[in-house]
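Coordinate-derived values only; no laboratory data. Given the structure is predicted, the values throughout are model-derived calculations rather than measurements. Cβ coordinates were reconstructed from backbone atoms using ideal geometry, including for glycine residues, and neighbour counts include every protein chain displayed.
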Amino acid sequence: MAMINVLGGKVRSVHSNCLNAAKVYDRQFDDTSTTLLKFENGALGVLVQSLAAPAPPTVPLISIFGTRGSIVERVAFRGKDENAMS
């Protein structure tokens, strides 16, 4: 949440949904959630969390889109030396 506050500012409202999607564990707990954040400056944020995925996703784990540019994780470099960008 600290990174969200730094990037988006103060959160004005939060709406979240949780569910037990996998149903493969002996325990009953929510393993998947989505959260919509509304910031005081008018920006929107979406958080998606899941323990139900069988393997790391091949989609970016973080994507930030704004009016002046974007930050998107390059999946091809995941787990590699961050200085080896060739």
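For the range 30-54, a residue qualifies if it is touching a residue at least 12 places away in the same chain (Cβ under 8 Å), out of contact with any Lys or Arg (no Cβ under 7 Å at 6 or more places or on another chain) and not hydrophobic (A, V, I, L, M, F, W, C), and the qualifying residues are D30, D31, T32, S33, T34, T35, N41, G45, Q49, S50.
The C-beta contact set for the range 55-79 (first residue over 29 Å from A22 (Cα atoms), second residue surrounded by 10 or more Cβ atoms within 10 Å (Cβ to Cβ), distance under 7 angstrom, 6+ apart or interchain) comprises S70/I64; I71/I64.
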